[in-house]
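Okay, so here's the structure we're looking at.
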Amino acid sequence: MNKMVRMEDNPVSREDRRTVGKPFSGSPRMICRNVNVFYGDKQAIQEVSIDIGRNEVLAMIGPSGCGKSTFLRCLNRMNDTIDNCRVTGEIRLDDMDIYDRKVDVVPLRARIGMVFQKPNPFPKSIYDNVAYGPKIHGLASTRRELDEIVETSLTKAGLWDEVKERLAQPGTGLSGGQQQRLCIARAIAVSPEVILMDEPCSALDPIATATIEELINELRTQYTIVIVTHNMQQAARVSQRTAYFHLGDLIEVGSTKRIFTNPIHPLTEDYITGRFG
Amino acid sequence: MNFPLLLIVIFVFSQAAYWLGYKKAFFSAGEKGPVHLHSRPQYYGTLTVLWCVIPPLFILVAWSVFSETVLTGLALKTMSEYTGNLSPDEISLLKSDLRNIVSGRFIPPAADAALLEAADHYRHMRDIGRQGLSALALASMILGTIIVLVRIRPGMRARNHVEKMISITLITCSTIAIFTTVGIVLSVLFESILFFQQVPVTEFLFGLKWSPQMAIRADQVAASGSFGAVPVFAGTVMISTIAMLVAAPLGLMSAIYLSDYADRKFRAAVKPLLEILAGVPTVVYGFFAALTVAPVIRQFGESLGLSVSSESALAAGLVMGIMIIPFVMSISDDVINAVPQALRDGSYALGATKSETIKKVIIPAALPGIVGGMLLAVSRAIGETMIVVMAAGLSANLTANPLQAVTTVTVQIVTLLVGDQEFDSPKTLAAFALGLLLFVVTLILNIIALYIVRKYREQYE
């Protein structure tokens, strides 16, 4: 079937950087149109348009420096913390333009959580790490409610059984994989709608990675997840849709299965077959 | 041979020694070339220089340290029939007379023939010693060079030897500071022991009256003196507390502003400006406190109907607080900047505001380091003298009222030691006891500070 598509259309040339595949979705949670990102005078992202569907895991892959992390950080305006970074275009969460002047980043980031490459638990107790978000957003009015939020978040992150006896111990004392799950629990605790993950397993060993991947699979039922990864097997295992970035351009988007078995764009093919990357 | 000439000879010879060692190594490698050597040829040269220079320098240093004592002893032996029944004090007097005669500074009018003869003997011995010294130094230099040259072989580990000697040199350098500290402690300690033989420790530590006025001459009318250090330390604590009440919030707030709010340009301009405060001489702060701040405080206080003395703890404390702002700020800023960006990102990503992030994540993470910086600033405040001398006065009042004049430990030490003093009077020795106590207090503060700072470092590295 796909072969036929390719034969009908002219084959895509290697130099053509327009997005191919199916970047748009029937029921999008986030809509991104013509997004450009500049660091000072240097453009890091060019004219990226993509939808992020409900309850799907979108994997973003591509060689180092291709702009996938930069794009991810646009989605919850984390790039605001970088002085000379400028974003143009439109990014919508449901019906809200997140770069609108009236939008306050603080509640926005509570709706779009983020997990980072390196586990970054606060130097506080495990309990306080998870309770931090609910406390600042006033999600719990009593200690019992807070306890409940902490327990459910840790349970969802698959960490509760391992840490329930030592909630008062510092989060920095956990192993790398546990720390990353603690960070996921911390993000879940403020009940976000979207969770952004920036190479969440790159600092972890294979066993901890497998646990996190399983967790991502379970979380998909409740949250929309965007994950940046360097590991193509990981993208294939956890995601439903995959987006391939190349030097600031979004080259190809499609179902993960299709991208990995039958890429349209020669650059995508080169990357996933390991010809460069 | 005189001293400078000797040094020049050693220096010139050392250059030759380098060349000799270099060439010897080079040729000992034979046809295989210098690659065959264990170390690069420069190391063989350097090793030769070290063995050429160190023995003569060692001999010269030993001579300049011990020669005077030995020579004086020998000279006094010639007049042993006189010195036999003299007291130690008289002997030390005789020794200084002898040295004066030898150096030709002046000849004591009462000098007798035996003393002059001893001085002649001293000079004679010294001349022999100096000539022997030159010969010995040069001989050791040549001997050292030859020994190394003979032993240079391709397999000789010249680099390891040189590195060993370099590390010994570095160790020596680093221990000099330690030995100096030990020396300071011991000198203060011995004088303090003399003081405590005259004034009981308990009176010094717990006495409530500080009035170190002693009759210096027997016919002088004066109080017998009381040496209770409590008012003096209370003054120090009060002024340091006022200073920290000024410096801690101002320094910490400016550090937070600079590290998390200010943009890069502003920070680059303001941080050096604030650090200029640290470069203002304390005596300048002192007259600023005495001539500007103190009158303002007095006028203000009088307009409120309070009686304010013209020299007040408040004036000194406020200005001292300004002085230590850069310490608090600089250390806090470094510590806050050392909190990883990942923690800030983690907090922002949860929807925390900047102030929530600072209050709940950054400050708790940086707290140990900030506390360490504060304690270092306290040590600095306690040791400060000039501002207090000029702005807070000299009277040792035991009071909790910051509008009155108080005095501090360092100021008392200065006033006790200024002018002509008798070094066996408790009045003078009290300065050493105060110094010792102050040293112990700041040492404890510094140890606590360093401990906290070190513990903090382990958290992120």
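The values are calculated or read from the model by the stated rules, or taken from the named source; none is laboratory data. Bear in mind the structure is a predicted one, so any value in this text is a computation, not a measurement. Here the Cβ positions follow ideal geometry from the backbone for every residue, glycine too, while neighbour counts run over all protein chains shown. For the accessible areas, the whole protein counts, side chains as well, though only heavy atoms, and no ligand, DNA or RNA atoms are used. Shrake-Rupley method; radii C 1.70, N 1.55, O 1.52, S 1.80 Å.
At a glance:
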| item | result |
| --- | --- |
| Number of the condition not met by residue A:92 [criteria: (1) under 27 Å from residue A:169 (Cα atoms); (2) touching a Lys or Arg at 6+ places or on another chain (Cβ under 9 Å); (3) at pLDDT 90 or above; (4) open to solvent by 20 Å² or more (accessible area, probe 1.4 Å)] | (1) |
| 3 or more residues open to solvent by 10 Å² or more (accessible area, probe 1.4 Å) and aromatic (Phe, Trp, Tyr): qualifying helices (runs of 4 or more DSSP H) within region B:346-461 | B:426-460 |
| Residue check for residue A:151: more than 14 Å from chain B (Cβ to nearest Cβ), part of a helix (DSSP H, G or I) and in contact with a Phe, Trp or Tyr (Cβ under 9 Å, 6 or more places away or on another chain) | yes |
| Filter result for residue B:291 (open to solvent by 10 Å² or more (accessible area, probe 1.4 Å) and aliphatic (A, V, I, L, M)) | yes |
| Region B:142-171, residues that are open to solvent by less than 70 Å² (accessible area, probe 1.4 Å) and polar (S, T, N, Q) | B:145, B:160, B:167 |
| Residue match in region B:151-158 (condition: touching a His at 6+ places or on another chain (Cβ under 9 Å) and assigned to a helix (DSSP H, G or I)) | yes |
| Options A:115, A:130: the member that is at the interface with chain B (Cβ under 9 Å from one of its Cβ atoms) and in contact (Cβ under 8 Å) with a residue 24 or more places away in the chain | A:115 |
| Given (1) within 14 Å of another protein chain (Cβ to nearest Cβ); (2) surrounded by 13 or more Cβ atoms within 10 Å (Cβ to Cβ), number of the condition residue B:261 does not satisfy | (2) |
| Answer from B:340, B:295, B:326 - the residue that is closer than 30 Å to residue A:196 by Cα and either at pLDDT below 90 or not small (Gly, Ala, Ser) (or both) | B:340 |
| Selected residue (criterion: nearest to residue B:95 (Cα to Cα)) from residues of region B:120-168 that are assigned by TED's automatic domain parsing to the domain that holds residue B:23 and of a type in the set (Val, Ile, Thr) | B:128 |
| Entirely in region A:163-277, the strands (runs of 3 or more DSSP E) that have 2 or more residues that are away from chain B (no Cβ under 14 Å) | A:224-228, A:241-246, A:249-255 |
| Cβ-Cβ under 9 Å pairs, at least 6 apart or on other chains, region B:238-260 side not assigned by TED's automatic domain parsing to the domain that holds residue B:366, far side part of a helix (DSSP H, G or I) | none |
| Members of region A:96-110 found to be basic (Lys, Arg) and either in contact with a helix residue (DSSP H, G or I) (Cβ under 6 Å, 6 or more places away or on another chain) or at the interface with chain B (Cβ under 8 Å from one of its Cβ atoms) (or both), listed by number | A:109 |
| Filtered residue count, region A:65-88, keeping only those that are of a type in the set (D, E, K, R), touching a residue at least 12 places away in the same chain (Cβ under 8 Å) and not in a helix (DSSP H, G or I) | 2 |
| Residues that are among the acidic types (Asp, Glu) and either in contact (Cβ under 8 Å) with a residue 40 or more places away in the chain or away from chain A (no Cβ under 11 Å) (or both), drawn from region B:327-364 | B:333, B:334 |
| Options A:71, A:122; residue that is surrounded by 18 or more Cβ atoms within 10 Å (Cβ to Cβ), at the interface with chain B (Cβ under 9 Å from one of its Cβ atoms) and closer than 30 Å to residue B:261 by Cα | A:122 |
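To keep it simple, each residue is scored yes or no on (1) modelled with pLDDT of 90 or more; (2) loosely packed, with under 15 Cβ neighbours inside 10 Å.
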position	(1), (2)
B:35	no, yes
B:38	no, no
B:58	yes, yes
B:72	no, no
B:81	no, yes
